[in-house]
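What follows is a short report on a single structure.
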Amino acid sequence: MINPANRTKKITYAIRDVVEAAKKQEKLGKKVIYLNIGDPLKYDFHTPEHMIKSVENSWSKSSSYADSMGLLEARRAISKEAKRLNIPSISEEDVIITSGGSEGITMAIGALVNNGENILTPSPGYPLYQSTLNYLEIEMNEYFLDEENDWQPDIEDMKSKINEKTRGIVIINPNNPTGSVYSKETLLKIIDLAKEHNLLIFSDETYDKLVLDDDEFYAVGSLTNEVPVVTINTLSKSYLCPGWRVGWVVFSNCNMEYVNAVKQLARARLSINHPMQYAVKPALEGPQDHVEYMKNELRKRRDITYNRLNSIPGISCVKPKGAFYAYPKINVSIESDKEFVLDFLNEYQVLFVNGSGFGQKPNTFHFRVVFAASEEALNTAFDRLEKYMKEKYS
């Protein structure tokens, strides 16, 4: 018998793990409303045509390996984007193109943290971080976001979690799964903590263009010229092409020994897919009409989600300010939010993701809703949730 490595035993990914239960419903001939996966193309959004054409026009010159650091024109476009975000002194040498933001996360953390050390990660937070740390056999060290304060990071909790083995802090802004947008005041406090304890900040800014209200987005790299920051971003969400797997990391204030370690990991995996990198420059420097359209649509769907959830007895929800996620709280007596999600799926064929897959304070229960779905699908889902709550918990 061939036994798998121990490191694989803790690898979970709640967003896709729950899909198996939905497929069983479909095999029974039932139609499922999927509100679990953050892929806007699964709903009614489409990749901008000029990006598709740029990839189509690249085939004759992109069947070879790409540069391990990424296509030069793409890295230059990303360095210009960094300047637009007020991150100073960034050139193409400070950029690596990665296979989605996910590979960037894995390489940037793997090049920094040794066994026995830890990095601070947000709870709730994107479950890839937990899976990555488990795979790398790095200790989890979670800090809480404060639901009572619009899901801003709890600075005092963060401070209490730092120890002599802590190497860095992960922030996700706008946040997945809560939809919160961090204030400048909060970010400056995190920077101060990182400076005091000589920590690197990993700033996941995947949803930076999807801020839905009047909140201002601040790139962490624009707020400090002393603390080392690795900014992680991707074409996937704002530019509507998650399947193309094009992301990047930008290094600011980082020492060359660390940057070269990440670059060595990039060389070891040869390159990411070559043709899709030709979409980066037209995406970042071309028409942005789709972004405004997307924000307008998401704002309407966010409002439906927020209002409907808060009208259902036993459910409450902080208003999301960015991305396309809501993270409602279950205010009735249950033993497991995963059981809640699966029972609702089996009864009413609507798929959410259990909050335990993202993290939450002890003795609280949540689930994540993707509100990128159509208004009709959202209203149908919330009608069913309201009926379910009345039947089960009235």
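Brief remarks follow.
- Check on E56, without any contact (Cβ under 8 Å) to a residue 60 or more places away in the chain and either within 25 Å of the chain's Cα centre (by Cα) or closer than 30 Å to R384 by Cα (or both): no
- The requirement of being touching a Phe, Trp or Tyr at 6+ places or on another chain (Cβ under 6 Å), in a helix (DSSP H, G or I) and assigned by TED's automatic domain parsing to the domain that holds A194 is not satisfied by V280.
Residue-by-condition table, conditions (1) farther than 27 Å from S238 by Cβ; (2) outside any loop (DSSP other than H, G, I, E, B):
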residue	(1), (2)
I2	yes, no
T47	no, no
S64	yes, no
M69	no, no
R75	no, yes
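- Test: residue in segment 167-179 that is more than 19 Å from E205 (Cβ to Cβ) and surrounded by fewer than 23 Cβ atoms within 10 Å (Cβ to Cβ): yes
- Restricting attention to segment 249-282, the residues being crowded, with 20+ Cβ neighbours inside 10 Å, β-branched (V, I, T) and within 24 Å of K83 (Cα to Cα) number 4.
- Restricting attention to segment 169-187 and to residues that are in contact (Cβ under 8 Å) with a residue 24 or more places away in the chain and part of a helix (DSSP H, G or I), the residue that is farthest from V220 (Cα to Cα) turns out to be T186.
- Which numbered condition I87 fails, given (1) among the β-branched types (V, I, T); (2) more than 30 Å from N354 (Cα to Cα); (3) part of a helix (DSSP H, G or I): (3)
- Residue in segment 3-10 that is surrounded by 12 or more Cβ atoms within 10 Å (Cβ to Cβ), farther than 27 Å from F324 by Cα and not assigned by TED's automatic domain parsing to the domain that holds I169 present: yes
- In a residue-by-residue description of segment 229-243, the property of being touching a Pro at 6+ places or on another chain (Cβ under 8 Å) and of a type in the set (D, E, K, R) applies to at least one position.
To keep it simple, each residue is scored yes or no on (1) at pLDDT 95 or above; (2) farther than 26 Å from P177 by Cα; (3) in the same structural domain as Y348 (by TED's automatic domain parsing).
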{"position": "K27", "(1), (2), (3)": "no, yes, yes"}
{"position": "N36", "(1), (2), (3)": "no, no, yes"}
{"position": "D67", "(1), (2), (3)": "no, yes, no"}
{"position": "E73", "(1), (2), (3)": "yes, yes, no"}
{"position": "A77", "(1), (2), (3)": "yes, yes, no"}
{"position": "K80", "(1), (2), (3)": "yes, yes, no"}
{"position": "S91", "(1), (2), (3)": "yes, yes, no"}
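The values are calculated or read from the model by the stated rules, or taken from the named source; none is laboratory data. Treat the numbers as computed from the prediction; the structure is a model and nothing was measured. Because the Cβ atoms are built from the backbone with ideal geometry, glycine has one as well, and the counts that use them run over all protein chains shown.
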